[in-house]
Amino acid sequence: MCEVFKVSPKKGDILFIRAGVITEWETFTPTQKREYAPQKEPKHAGVYLKPGEVSVHEYLLADWGTPIGELSDLEALAKLCYELGRYLFFLKFMPLNMPEGVSSPPNAMAIF
C-alpha cells in the first residue's frame, strides 16, 4: 500500500489500520448492540488476552492519559484522503481539559 500511495513511513509516524470495527458496529441493530455491550471480554478486536497478561489499553488510557484512537472515524478520514489525493497529514490530539477527570474524548484533528 505504501508504494501505491507513494508513502514512506518514517520514525515517529503513526500508521492507521482500518479493521472495520466501527463499520460493522453501525450494521448492528439496537438489540444486537444491547446484547454485545455487557460482555466481560469483548472480542471485537480479535485479540485474546490470556489470564495474567497485562492489557496495554488500560495503561495507555487510564494511567498515562494517552489517546489510542480506537474509536476514530477512519472511514471518514480515508474518504477525505482519497478526495484530496493525500495520505500524509499532521495528527493532533486535543483532549478536553478536565481537572480531576478520568476520561476525555481524544478530539483528534488531521491537518493536511
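Could you tell me how many degrees, from 0 to 90 and to the nearest 10, lie between the Cα long axis of helix 74-84 and the main elongation axis, the longest principal axis, of the Cα atoms of the chain? Between helix and principal axis, roughly 10 degrees. Ranked by the mean number of other Cβ atoms within 10 Å per residue, highest first, peptides 8-20, 86-98 order as 86-98, 8-20.
The helix-based estimate of mean residue ellipticity at 222 nm for the chain, built from -39,500 (n - 2.57) per DSSP H run of four or more residues and divided by its residue count, is -5500 deg cm²/dmol to the nearest 500.
With a Förster radius of 41 Å applied to the beta-carbon distance between Y59 and A110, the computed FRET efficiency rounds to 0.95. Of the options (1) 16.7, 46; (2) 13.1, 38; (3) 16.2, 57, only one is Rg and Dmax of the Cα atoms in Å as computed from these coordinates, and that is (1).
Every number here is computed from the coordinates shown, using simple stated rules; none is lab data. Computed from a predicted structure; not experimentally measured. Here the Cβ is made from the backbone with ideal geometry for all residues, glycine too, and neighbour counts use every protein chain on show.
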